Structures are given as C-alpha cells and as structure tokens.
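A.B. asks: This is the structure I want to talk about, given as structure tokens.
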Amino acid sequence: MDRAELAAFLRTRREALQPEDVGLPRGRRRRTGGLRREEVAALCDMSVDYYSRLEQPRGPNPSEQMLAALARGLRLSLEERDHLFRLAGHAVPRRVLRGDHINPGMMRILDRLEDTPAQVVNHLGETLKQTSMAVALLGDESAFTGRARSLHYRWFTDPASRLLRPESDHAAQSRLLVADLHGAYARDGHDSRTADLVDALQAASPEFAALWREHPVLGPSCAPKRLQHPQLGTLELHCQTLVDPDQSQRLLVFTAAPGSVSHAHLQLLSVMGSWHDRSY
C-alpha cells in the first residue's frame with residue numbers, strides 16, 4: 001500500500017467533485033471548490049475520522065469493501081477504481097458483468113433525483129443504490145445479501161416479496177421477470193452469475209422452471225405498474241428506464257400522472273419516511 005499516493009489520489013478526486021455533482025447544495029459559505037471531507041465520508045458511508053486519516057495519510061489499509069465504497073462515493077470511473085485498488089495494495093477487481101460499480105454518469109443523474117423514487121439495478125435485479133423516496137416507496141432493497149439481493153430470486157422464493165404487487169398482477173410480473181433473466185442469460189452465457197441464478201431458481205421454484213421452458217421475451221414498452229403501499233394503498237405508476245449498456249445496469253424512475261391520486265400519494269412519501277417494516 002502506497003499511503004502517500006493513495007492520500008493524494010483521494011484528495012484530488014475529492015477536490016474535483018463539486019456539490020452539484022452529487023446532489024448537494026453549494027451554500028453561500030463555501031469558499032473553495034470541491035467537496036469537504038465530511039461530505040465525501042457521508043457519500044461513502046464511513047466515518048469522517050476514517051476518511052480523514054486516509055487523506056492525511058495515516059489510515060489503515062482499507063478493505064476491498066471500503067475501496068468499493070470510496071469508488072462509488074467519489075464517482076470514479078472503472079479505470080480510476082482500478083487505480084485506487086492498486087494504490088491500496090489490492091488486486092484489481094475482475095471486469096465481469098457483476099454490475100456492482102455504478103457508472104459515474106448514472107450516479108450524477110441519480111443524485112439529481114432525490115425528490116423522486118429512483119434506483120439503479122443491475123442485470124440480475126440487484127438494487128445497488130436508491131433515493132430516499134425509493135426506499136419510502138419500495139423498502140430498502142439494497143440491504144439484502146446472497147442470492148436474496150436479486151428481486152428475481154426473492155419473487156420466486158419468498159412470498160413476502162409479492163406483497164408489493166396486487167395479486168391479480170402476480171402472473172404478469174412472474175412472466176416479466178423470467179423474460180428479463182432470459183435476456184441476461186442469452187448475453188452472459190453458461191459460465192456466469194446469471195446462469196448460477198437461473199439454476200438456483202429452477203431448483204427452488206416449479207413456477208419459475210415452467211415459465212423458463214416457455215422462453216418468454218420482453219416487449220418493447222413498459223406498461224404502468226401497480227404497487228401496494230401499506231399506508232397509501234395501490235399506486236399506479238410509470239417506470240421510466242435508462243439503460244447503461246456498458247455496465248448492464250438500469251436507472252428506474254417512478255412517476256405518476258400529474259393531478260392523479262397516485263401523484264398526490266407520491267408527494268406524501270417525502271414526509272412519511274421509509275417503509276421500515278418490509279421483510280424482503
């Protein structure tokens with residue numbers, strides 16, 4: 001680990017980021033460009049003391065998980081992320097289609113959507129980042145571990161995951177998720193995380209196995225979604241999707257028609273807080 005070079009690299013990337021780049025207000029008292037250390041620490045989900053020691057430089061050797069958090073928080077490109085890992089004395093992560101590293105451009109867009117339910121998901125249906133409004137609408141989908149990180153896996157193995165959808169929509173949602181995995185499987189091949197997920201689902205869910213044999217294919221458009229919220233009831237929402245082909249990730253943005261009951265209910269989410277009691 002090259003502490004001096006790591007510290008210098010972190011400092012230059014922090015100073016290059018502007019508050020507007022990460023969805024923060026600039027404020028009148030900000031005299032210098034770039035982000036403050038406490039702002040970067042918050043973006044990386046680590047303590048200010050830990051981050052400050054890395055920049056000074058007198059910090060410990062960060063783990064791969066900490067480096068991944070730094071790469072996301074500082075909006076690093078894949079090349080910059082690889083350089084960060086080398087400076088910290090770690091092997092560069094393999095560039096397989098894991099989709100865990102969010103493209104900086106995608107992060108910049110998400111940062112500007114804090115007043116909107118929006119989230120970034122990868123090709124396996126794993127939620128990587130959510131706005132607070134998305135957590136209030138859907139629950140914290142980024143908190144799961146193992147195969148349960150995938151919405152596709154939870155839908156077919158955990159009945160609680162279906163509480164978000166009206167029962168009359170379950171069959172269509174099952175078919176859509178299987179079609180989505182078929183598309184990912186066709187791109188990724190037999191030796192991939194997608195193949196592992198498909199094998200696990202075929203063994204765990206007769207419903208999934210039957211639908212998989214039918215080879216459903218996604219249509220060209222995304223129909224309105226009906227979501228069930230425990231306090232607000234059923235909301236009819238549109239889900240606009242921005243696809244990042246290099247990362248196999250999608251930015252999902254949930255909106256409602258202006259003037260509709262669902263639109264009014266979405267506006268209530270910002271004052272209601274997160275849906276903490278979801279079990280999936």
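The values are calculated or read from the model by the stated rules, or taken from the named source; none is laboratory data. This one's a predicted model, so the numbers in the text were calculated from it and none came from an experiment. A quick note on method: Cβ atoms are made from the backbone with ideal geometry, for glycine too, and the neighbour counts reach across all protein chains shown.
A.B. asks: For the structure I just gave you, tell me whether S168 is in contact (Cβ under 8 Å) with a residue 60 or more places away in the chain, small (G, A, S) and under 22 Å from H265 (Cβ atoms).
C.D. replies: So S168 does not fit the description; no.
A.B. asks: So if I check each of V198, V253, V243, which one is in contact with a helix residue (DSSP H, G or I) (Cβ under 8 Å, 6 or more places away or on another chain) and either within 18 Å of Q119 (Cβ to Cβ) or not polar (S, T, N, Q) (or both)?
C.D. replies: V198
A.B. asks: So which residues in region 181-198 are surrounded by fewer than 18 Cβ atoms within 10 Å (Cβ to Cβ) and part of a helix (DSSP H, G or I), if there are any at all?
C.D. replies: Passing the criteria: G183, Y185, A186, R187, A195, D196.
A.B. asks: Looking at region 46-83 only, could you name the residues that are assigned to a loop (DSSP other than H, G, I, E, B) and either surrounded by fewer than 16 Cβ atoms within 10 Å (Cβ to Cβ) or among the hydroxyl-bearing types (S, T, Y) (or both)?
C.D. replies: S47, Q56, R58, P60, N61, S63, S77
A.B. asks: Now, a different point. Given the conditions (1) over 11 Å from the mean Cα position of the chain (by Cα); (2) not in a loop (DSSP other than H, G, I, E, B), and given that L124 satisfies all but one, which numbered condition is not satisfied?
C.D. replies: Of (1) over 11 Å from the mean Cα position of the chain (by Cα); (2) not in a loop (DSSP other than H, G, I, E, B), only one is false for L124: (2).
A.B. asks: Take the conditions charged (D, E, K, R) and buried (at least 17 other Cβ atoms within 10 Å of the Cβ) and apply them to R162. Does it pass?
C.D. replies: Spelling it out, R162 is indeed charged (D, E, K, R) and buried (at least 17 other Cβ atoms within 10 Å of the Cβ).
A.B. asks: Could you list, in sequence order, the residues of region 199-219 that are exposed (fewer than 15 other Cβ atoms within 10 Å of the Cβ), under 26 Å from the mean Cα position of the chain (by Cα) and at pLDDT 90 or above?
C.D. replies: Of everything in region 199-219, those that are exposed (fewer than 15 other Cβ atoms within 10 Å of the Cβ), under 26 Å from the mean Cα position of the chain (by Cα) and at pLDDT 90 or above turn out to be D199, A204.
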